[in-house]
Amino acid sequence: MSSQTFLVGTGVNRIYACRLTSDGQFELLNETKSGKGSTWLLPRDDLLYVVNEHDDKIETFTIDDRNQGKLTLKNTISSIGDTPCALEFDPSGKWLLVSNYGDKGVANIVSLPLNDAKYPDEKGAQITAIEGDGPHPTRQKHSYCHHAIFHDNYLYVVDLGSDTLSTYRFDATTGKLDLVGDRVKTEAGAGPRHILFHPTKPLAFVCNELNSTANVFSVDSSSGQLHHLQTIGTRQDKDQNSIQENYTAELQFTPDGKYLLVSNRGDENLVIFNMNVDAEKEVLNVKEHLDCHDSIQENYTAELQFTPDGKYLLVSNRGDENLVIFNMNVDAEKEVLNVKEHLDCHGSFTRYFMFDPTKKFLLVANQKSNNLVCFSYNYDNGTYTFVSQLDNIESPQHIVFLNDPSL
């Protein structure tokens, strides 16, 4: 692939079209006027759906030229709430779901039906609100719906204001949501922002904006419920007691699935976590088998004991005539993540980042320094090398590639 075209959503009234070359260089192609705050972009087929975070609108553009990133505005409707911040299609493709953050007080999840032209329609919309608040005096006065995403036929809603994660069944006929079980509470004042599901394991990861932590949850496939496994900080040790404010924003897996990345806005870095996605199952692993110098054909376990130092568990095998000696990690179920390193973002307030469709490059959008940064990713050792930077991109906050085969 010689070059790739991508769009950049912003905190202002424009969408940038840019090109990424095969060697990781940037080129600005053009700009399209939008409503104010195009902070979330969602392409499907030849349409682009865009939030207007500061105008409380949802825009629909046609994608007229994927190579040049040229767009034409076709439709604008109310988000039926305020401060829309995320978009998601339901699995049937008949509904567009809007997460309204509610900065001015009206936070909700809105299901908008798509008409024959595939434009969202206010008529027939379904509205779901979440009650609650949190201890933060200014950021948690009420519910703040930040993210909604489908996974395995359930809809998961992340609410920063009430410190909750909610699981819903979605009715594709009516667009209505039905809460499954109880809402899961994060640590008080954590401010959960975004959720990400592992592609092959029953695990979910959440970044918490207000207390700079990440959570790991197991996912019950039969009920869709989340169960807490681990909470881990995202900041470096030297920054833990700093007066510098920090807010997590985005989380993504590396393409090889080895690491989880979370952006720190304030500390201006990405924390890179090692991932042991089977950790919750690996409390024990075999160290060795100790021969008991006897033999019969069948085998039956009989007794188990800890070693005096508490490091190992011994179990007798009657038949194989040995003691199996297990290494023990009694906290393994809580240690899915551990910090590998922190990567300098070469800018300020990283709102979003993603890997390109070739999976060779990591792109970072730095909101306050108005720049995009490209790193190459080394699959052998999980390291990153700075490649290029594009300045004068005003308030970049989201990125989508127009050549992504998953779209």
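Could you calculate, for region 173-212, the ratio of the Cα radius of gyration to the Kirkwood radius, expressed as Rg to Rh? Intermediate results must be reported in sequence, preceding the final value.
Numbers: Rg = 13.3 Å, Rh = 12.5 Å.
Ratio of gyration radius to Kirkwood radius: 1.07.
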I need the phi-derived Karplus couplings for region 126-132: 6.51 cos²θ - 1.76 cosθ + 1.60, θ = phi - 60°, integer Hz, Gly and Pro marked x. 10, 10, 10, 10, 10, 8, x
At a 1.4 Å probe, what is the % contribution of carbon and sulfur to the accessible area of the chain? 46 percent
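Quote the Stokes-Einstein diffusion coefficient, in whole µm² s⁻¹, for the chain, based on the Kirkwood radius over alpha carbon pairs, a temperature of 20 °C and a viscosity of 1.002 mPa s. Mind dumping the intermediate values first?
Details: Rh = 22.9 Å.
The Stokes-Einstein estimate is 94 µm²/s.
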Collect residues whose amide H, placed 1.01 Å from N in the peptide plane, falls under 5 Å from the amide H of LYS57; neighbours closer than 5 in sequence don't count. ASN52, SER79
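For Cα pairs less than 8 Å apart in space and 6+ apart in sequence, what is the mean separation divided by the residue count of the chain, i.e. the relative contact order in percent? Kindly include the intermediate steps, with their values, before the conclusion.
On the way: 1138 pairs, mean separation 48.0, N = 407.
Relative contact order here is 12 percent.
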Using the Kirkwood formula on the Cα atoms of region 46-151, what hydrodynamic radius do you get, in angstrom to one decimal? 14.4 Å
Amide H of SER395 versus every other amide H placed in the peptide plane: which residues, excluding those fewer than 5 positions away on the same chain, fall under 5 Å? ASN370
Averaging sequence separations of C-alpha pairs under 8 Å and six or more residues apart, then dividing by the length of region 132-221, give the relative contact order as a whole percent. 20 percent
Can you list residues whose amide H is under 5 Å from LEU203's amide H, if they're 5+ apart or on another chain and H is modeled 1.01 Å from N? HIS198, VAL219
Protection proxy ranking, peptides 388-398, 131-141, average beta carbon neighbours within 10 Å, highest first: 388-398, 131-141
Mean-square fluctuation maximum in Gaussian network of the chain, Cα pairs under 10 Å, restricted to ASN381, ASN370, ASN75, hits ASN381
For region 115-201, report the translational diffusion coefficient in µm²/s to the nearest whole number, using Stokes-Einstein at 37 °C, 0.692 mPa s, and a Kirkwood Rh over Cα pairs. 230 µm²/s
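Note down the relative contact order for region 30-108 as a percent, whole number, built from C-alpha pairs under 8 angstrom at least six residues apart. Can you show the working numbers first?
Details: 175 pairs, mean separation 17.4, N = 79.
Relative contact order for region 30-108 comes out at 22 percent.
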Accessible solvent surface per residue of region 1-103, calculated while the other protein chains remain in place, 1.4 angstrom probe, Å²: 35 Å²
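The values are calculated or read from the model by the stated rules, or taken from the named source; none is laboratory data. The model shown is predicted, which means the values in this text are computed figures rather than measured ones. Note that we place each Cβ from the backbone using ideal geometry, even for glycine, and neighbour counts take in every protein chain shown. To get the accessible areas, we keep the full protein, side chains included, count just its heavy atoms, and leave off ligands, DNA and RNA. Shrake-Rupley method; radii C 1.70, N 1.55, O 1.52, S 1.80 Å.
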